[in-house]
1. Inside the stretch 42-72, can you point out the residues that are within 15 Å of Ala26 (Cα to Cα), open to solvent by less than 20 Å² (accessible area, probe 1.4 Å) and out of contact with any Ser or Thr (no Cβ under 6 Å at 6 or more places or on another chain)?
2. Every residue in the stretch 1-60 that is of a type in the set (Ser, Thr, Tyr), within 16 Å of Glu71 (Cβ to Cβ) and part of a helix (DSSP H, G or I), please.
3. Quick test of your reading of the structure: Ile36 fulfils all but one of (1) at pLDDT 90 or above; (2) out of contact with any Leu (no Cβ under 7 Å at 6 or more places or on another chain); (3) of a type in the set (Val, Ile, Thr). Name the failing condition by number.
Amino acid sequence: MLTIRITGIKLQTARRLLGWSLQELATRSGVNWLTIKKYESAGDYLPPASVGALDRLVSALENAGVQFDVEGAHLDRAATMKAQVGKLLESSPITAEF
């Protein structure tokens, strides 16, 4: 998705679909949570964002299973499950010794 077409409401919708707080998205994208809040407050308009910051936000959301289209933001269930399994594997205390 071209990040220049992402509106504030699409960002907010995507974040909420994942059940993420502003801080969670900030941590995953590397964009300050106050900046994200400002972007989301743009509503149906394009946020006053740099291309780099917006690209990091969209990448974080898409990597977690969100798909953006002209209608809005939607969850891709298969990608969401893959991301959740990956997160579980990363935090797993189990190690294999051979």
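The values are calculated or read from the model by the stated rules, or taken from the named source; none is laboratory data. Every value quoted in this text rests on a predicted model; they were computed, and no experiment measured them. No Cβ is skipped: glycine too gets one built from the backbone with ideal geometry, and neighbour counts run over all protein chains shown. For the accessible areas, the whole protein counts, side chains as well, though only heavy atoms, and no ligand, DNA or RNA atoms are used. Shrake-Rupley method; radii C 1.70, N 1.55, O 1.52, S 1.80 Å.
1. Ala53, Leu61, Ala64
2. Answer for the stretch 1-60, where residues must be of a type in the set (Ser, Thr, Tyr), within 16 Å of Glu71 (Cβ to Cβ) and part of a helix (DSSP H, G or I): just Thr13.
3. Status for Ile36: all satisfied but (2).
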